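S.K.: Mind having a look at this structure? Questions to follow.
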Amino acid sequence: MFLDFLAQLRAYYIDRDVQPTFQSVILAGIYDVKNLKRKIRKDEEHKVNSPWNIASDFKVDMSFSKKDIQGMLKEYEDDYYTGMDMEELSGLLYDYTSGYPFLVSRLCKLMDEEVSREDGFASKSAAWTNRGFHEAVRMILLEKNTLFESLVGKLTDYPELNEIIRTLLFTGKTISYNADNPAVDIAEMFGFIRNHNRKIQVANRIFETRLYNLYLSEEELRNDEILKAV
């Protein structure tokens with residue numbers, strides 16, 4: 001269905017001088033239009049070719065800055081009067097998430113709704129602290145959510161992505177950023193990595209820890225199977 005939809009858009013574009021059509025169409029999502037073939041078809045011949053060739057770069061930075069996060073916390077504080085140190089908490093949220101919107105929002109939601117009900121945290125005021133933040137980090141690293149399910153699914157779908165993340169986490173090897181490298185291109189498209197001073201880094205500390213724990217668990221299970229076989 002999606003391919004049919006794209007084919008219609010392309011046909012309208014080609015016939016635009018004959019028949020009036022849309023002035024513009026915006027498709028917003030994680031995939032660049034040139035990479036849709038990579039997702040939909042397995043043919044190596046068509047792996048990176050774009051049949052549409054009318055995409056424009058999307059330059060808007062969708063991540064939150066520390067200032068953005070602090071503004072959100074101020075709005076919350078105006079409603080709930082927790083007495084939080086907004087400078088400290090906005091810094092912690094940014095340091096652990098690099099401004100990834102889902103992670104910022106999820107950690108805040110955990111502090112507000114879950115940490116504040118935990119033993120040792122008698123109120124929202126106790127939850128919106130350094131200790132409460134780290135309790136929220138512990139929770140998010142253990143929970144199952146749609147973001148982490150998607151991340152793990154991408155590792156399965158793209159072996160080259162899995163390999164580059166493993167290399168970053170376990171070898172300490174420095175990998176130069178090169179957008180022409182298919183593995184780097186995929187990892188950046190999905191938000192796994194970032195370009196830091198022309199070197200590849202895992203996008204944020206939450207992703208880094210979650211993925212490290214995943215690989216460590218897989219390795220433990222693999223070793224258990226080897227011992228059973230012996």
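S.K.: Residue 150 is checked against (1) under 28 Å from residue 69 (Cβ atoms); (2) surrounded by 15 or more Cβ atoms within 10 Å (Cβ to Cβ); (3) of a type in the set (Ser, Thr, Tyr) and fails just one. What number does that condition carry?
M.R.: (2)
S.K.: Here are 176, 123, 217: which of them is under 25 Å from residue 70 (Cβ atoms), polar (S, T, N, Q) and either open to solvent by 30 Å² or more (accessible area, probe 1.4 Å) or touching a Ser or Thr at 6+ places or on another chain (Cβ under 7 Å) (or both)?
M.R.: Step by step, each of 176, 123, 217 is checked, and only 123 is under 25 Å from residue 70 (Cβ atoms), polar (S, T, N, Q) and either open to solvent by 30 Å² or more (accessible area, probe 1.4 Å) or touching a Ser or Thr at 6+ places or on another chain (Cβ under 7 Å) (or both).
S.K.: Now for a separate question. Can you say whether residue 187 is within 25 Å of residue 28 (Cβ to Cβ), assigned to a loop (DSSP other than H, G, I, E, B) and either touching a Ser or Thr at 6+ places or on another chain (Cβ under 8 Å) or at pLDDT below 90 (or both), as far as the supplied structure shows?
M.R.: No, not satisfied.
S.K.: Could you grab the pairs with beta carbons closer than 6 Å, sequence gap of 6+ or different chains, first residue in region 204-227 and at negative phi, second one open to solvent by 50 Å² or more (accessible area, probe 1.4 Å)?
M.R.: From region 204-227, the pairs are 204/100.
S.K.: Something else now. Right, residue 97: under 25 Å from residue 187 (Cβ atoms) and either among the aromatic types (Phe, Trp, Tyr) or surrounded by fewer than 12 Cβ atoms within 10 Å (Cβ to Cβ) (or both) or not?
M.R.: no
The values are calculated or read from the model by the stated rules, or taken from the named source; none is laboratory data. Fair warning: this is a prediction, and the values are worked out from it, not measured in the lab. All Cβ positions, glycine included, derive from the backbone under ideal geometry; neighbour counts span all protein chains shown. Keep in mind that these areas ignore ligands, DNA and RNA; they rest on the heavy atoms of the full protein, side chains included. Shrake-Rupley method; radii C 1.70, N 1.55, O 1.52, S 1.80 Å.
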